[in-house]
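The values are calculated or read from the model by the stated rules, or taken from the named source; none is laboratory data. All values derive from a computational prediction rather than experimental measurement. Neighbour counts run over all protein chains shown; Cβ positions are idealised from the backbone, glycine included. Calculation scope for accessible area: heavy atoms of the full protein, side chains included, ligands and nucleic acids excluded. Shrake-Rupley method; radii C 1.70, N 1.55, O 1.52, S 1.80 Å.
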Amino acid sequence: MSTRPRTAPVEVIVTETMHVLEPDWCTGEHHGLHFMTDVSHQGPDVPLVFHGQHITEACLTQSPYAEHATRDIQVSVSLTGQSYDATGVYELAAALDAYADRLRDLADQLVAIRAEEGQ
């Protein structure tokens, strides 16, 4: 990562293009913004794909000029429609781990039922 701060041109409703600091992890897509509070940084998507079907994605996100939300860097998770701090992401991952265990339990039950039925 570069130690030199990057900037990105961002069109806002003022009469000129503003230059805002842009973190290295940001993908740099800043289109159609009208107010500084609309400026947000997003990192690359981390998708969950199962058998070629897109299930959800998550990414780093930050709204550095937000007025009614946090300005902290968070992880946005489309599955829940929310953004989380690190603690929240770990909690969500733990809940997903527990759910995965329950899915494996269901698969085990299905195997047992089919074995009883001779399938």
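Some points to look at:
- Accessible-area ranking of Arg6, Arg71, largest first, probe 1.4 Å: Arg71, Arg6
- If only the Cβ of Lys and Arg carry +1 and only the Cβ of Asp and Glu carry -1, the dipole of the chain around its Cα centre is close to 180 debye.
- Calculated [222 nm] ellipticity per residue, helices only, for the chain: -9500 deg cm²/dmol; basis is -39500 (n - 2.57) per DSSP H run with n ≥ 4, divided by all residues, nearest 500.
- Listed values (1) 0.95; (2) 1.19; (3) 1.12 include one computed from this model; for Rg/Rh (Cα atoms, Kirkwood Rh) that value carries the label (2).
- A Cβ-based charge dipole, computed about the Cα centre of the stretch 62-119 with Lys and Arg at +1 and Asp and Glu at -1, lands at about 160 debye.
- Surrounding net charge for Leu79, when Lys and Arg each add one and Asp and Glu each subtract one, Cβ distance under 13 Å: -2
- Most positive-pole-ward Cα, Leu110, Ala94, Gly43, against dipole of the chain from beta carbon charges: Gly43
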